[in-house]
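Below you'll find the structure, written out as structure tokens, and then a few comments.
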Amino acid sequence: MVRITKQISSFTQKDIQELFKNTRLVVMQPPLLIRIGPAKKSVGRLLVVTPKAVGSAPIRNKLRRRLKSLFYQEKFYSLGKDCIILARQGAGELTYEQLHTLLLNTLSSSTTRTSAPTKLPE
């Protein structure tokens, strides 16, 4: 399992460019944009982009840790999907439960989703 944790968030610059080309936007809410596409490796991977507008370094790191933890604990890597999460201003204020609900709804239904965007939990 230790190898999977390192593979989940390991990207080269070329991987990132290809990932942005091969993913589609499935969630477009003010604090988070989520793009999902087919996995290029044996496990799905997660790329979290947190600009300074999200908050201070501890807030950005906390958000990254929460998202990676959810991705690993819920075994989303086994779905065969690569995921990009682009955080926006206000994303640092989301609770763990809100992030969990959003990721669960988005990734578990991404295979059946056509164009309806996912709404953030209240």
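Quick notes on this one:
- The label point for Phe20 and the one for Arg3, both projected 7 Å from the Cα toward the Cβ, are 3.1 nm apart.
- Shape class of the range 23-70 from the Cα gyration tensor (axes a ≥ b ≥ c, square roots of the eigenvalues): oblate, since a/c reaches 1.5 or more and a/b does not exceed b/c.
- Stretched out straight at 0.36 nm per residue, the stretch from Glu93 to Lys68 would grow longer than its current Cα-Cα span by 7.3 nm.
- Taking N as its residue count, the alpha carbon Rg of the range 1-81 over 2.2 N^0.38 Å: 1.10
Computed from the coordinates by the stated procedures, all read-outs in this text should not be read as laboratory data. The shown structure was predicted, so the numbers you read here are calculated from the model rather than taken from an experiment. As a convention, Cβ positions derive from the backbone with ideal geometry for all residues, glycine included, and neighbour counts pool all protein chains shown.
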